[in-house]
Structures are given as C-alpha cells and as structure tokens.
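Engineer: Before anything else, here's the structure in question.
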Amino acid sequence: MTRDDDELLLLIVDGDNLLHRVRGGRDGSGLAWLLPRLRATLPAGGRGIVMLDGHPSPGQARRSRVAPGVEVHHSGRIDGDGAILELVAALPFADRGRTAVVTDDRSLADRARHLGALTRRLDWLRLRLERPEGVVQPGAVQQRRPMSLGHSRPPPRPPSPAAEEHPREPWRPGRGATRKRGNPRRRSA
C-alpha cells in the first residue's frame, strides 16, 4: 500500500466489473463475499461505495448502507460508469484527490482521472481483499511491517545436492583475495 492509499477517503468500486472478475458473476453470494472484505480493507475513516449496474431488486432502495462505511448503489437508468462519474463530479474538488475509482475499464479510468480522482486496477483491490493480513477486525490496530531494502526479497533457496558435492572455497579478504586462476578451458602444461 502506497502513501496515497493510506490517505484515501473514498473507494468507488465498479462492482459488476469486480464481481465478474472475482466471482464469475453478480449474485447475492458474490456481494456477501465482497462487502465484509471491503469494509475490512478500508483505511481508518474511509468509505467504500460499490456501484452496480441497473435497478435494485423490487422493494430495495437504490442506495443502501450495508456496513459502517460501506454502501451499495445501483445506477438505475444510466450505466454504472456514468453513475460512478456523477459520484466523482459531485465531490468537492479537494476530496477527489483522495478518492480512488477501482476498475479495469480504461475509458472509465481515463474519465475519472480527468475529473481529478485517482484510479486503481481491480487486481490492486483483489489482492487487498484476498490476503489474510488485509482483513482487520473492526477496532483492531493494524501493525505495518517496516520497509527496508531487500524486505521483499524471497527467502534463500536451500543448497542443491550438486553444490554439496563441490563446496566453494570461502572468500578471504586481503591481498590475493582475487587471484587469477587462468583460463579454465586451457590445460596447464
């Protein structure tokens, strides 16, 4: 997570785009999977809006708050992309720089950036939703690992059996540490 991600106030998620990518379609189980994870990944004080295309089921509101800080909106008569852009345009300009539209739709991402919002790819959110350390219980303090050079380096591989048969001579500091050994292809006379 970058510094910008820590300062996000609002995530507007292209819900149909995400649910089709992660769950294969939009249904009740997909939303039941997404919403608690989205809530757990939001920065402190942040909000998330999942925009779905079309009208809600009969008897349901077009906008509903499903968890603290998480809302589900239906686009109604317009398409979901247009509804997302309307949400961004309705924000004060200063807040748009702390709003991220999460989508893989290039056209939508370009138009959202033109309005002053940040954009993130679906893979960015999917990784945050799926990794266990990204899920934090409400009220819990999340510990961040310190960043350093080599922090993301994979662990060293165990030595191969061939390396055990021909051990290398350890490096010795000082004069002669880098002595020449000649051409390995030429036999000495």
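Matching residues to (1) touching a Pro at 6+ places or on another chain (Cβ under 9 Å); (2) modelled with pLDDT of 85 or more; (3) among the aliphatic types (A, V, I, L, M):
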| position | (1), (2), (3) |
| --- | --- |
| His20 | no, no, no |
| Ile78 | no, yes, yes |
| Leu91 | no, yes, yes |
| Gly97 | no, yes, no |
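Engineer: In segment 30-74, what residues are among the polar types (S, T, N, Q) and under 25 Å from Asp105 (Cα atoms)?
Structural biologist: Here is the first cut: in segment 30-74, the residues among the polar types (S, T, N, Q) are 41, 57, 60, 64.
Hits for segment 30-74 are Thr41, Ser64.
Engineer: Return yes or no: is Gly59 modelled with pLDDT of 90 or more and either at positive phi or in contact with a Pro (Cβ under 8 Å, 6 or more places away or on another chain) (or both)?
Structural biologist: Working: modelled with pLDDT of 90 or more: no; either at positive phi or in contact with a Pro (Cβ under 8 Å, 6 or more places away or on another chain) (or both): yes.
No.
Engineer: Identify the residue in segment 13-35 that is in contact (Cβ under 8 Å) with a residue 60 or more places away in the chain and over 22 Å from Asp95 (Cβ atoms) and, among all such residues, is farthest from the chain's Cα centre (by Cα).
Structural biologist: Filtering segment 13-35 down to residues in contact (Cβ under 8 Å) with a residue 60 or more places away in the chain leaves 13-18, 21-22, 34.
The next check asks that each one be over 22 Å from Asp95 (Cβ atoms); those that pass are 16-18, 21-22, 34.
Details: Asp16: 17, Asn17: 15, Leu18: 12, Arg21: 14, Val22: 13, Leu34: 14 Å.
Among them, the one singled out is Asp16.
Engineer: Pairs only if they're at least six apart or on different chains, beta carbon under 8 angstrom, first in segment 85-102 and surrounded by fewer than 16 Cβ atoms within 10 Å (Cβ to Cβ), second assigned to a loop (DSSP other than H, G, I, E, B); list them, first residue then second.
Structural biologist: Glu86/Ile78; Ala89/Leu115; Phe93/Gly116; Asp95/Leu9; Gly97/Gly116; Gly97/Ala117
Engineer: When only residues in segment 81-109 that are among the acidic types (Asp, Glu) and part of a loop (DSSP other than H, G, I, E, B) count, which is farthest from Thr41 (Cα to Cα)?
Structural biologist: Start the filter on segment 81-109 by keeping residues that are among the acidic types (Asp, Glu), which leaves 81, 86, 95, 104-105.
With part of a loop (DSSP other than H, G, I, E, B) added as a condition, the list becomes 104-105.
Values: Asp104: 19, Asp105: 22 Å.
Checking each candidate, the answer is Asp105.
Engineer: A further question on this structure: Scan segment 67-83 and report the pairs whose first residue is without any contact (Cβ under 8 Å) to a residue 24 or more places away in the chain and whose second residue is in a strand (DSSP E or B), with Cβ atoms within less than 6 Å and a gap of 6+ or a chain change.
Structural biologist: That search, which allows pairs on different chains as well, returns His74/Leu52.
The values are calculated or read from the model by the stated rules, or taken from the named source; none is laboratory data. Small disclaimer: the values here were computed from a predicted structure and weren't measured. With ideal geometry, Cβ positions are generated from the backbone for all residues, glycine too; neighbour counts draw on all protein chains shown.
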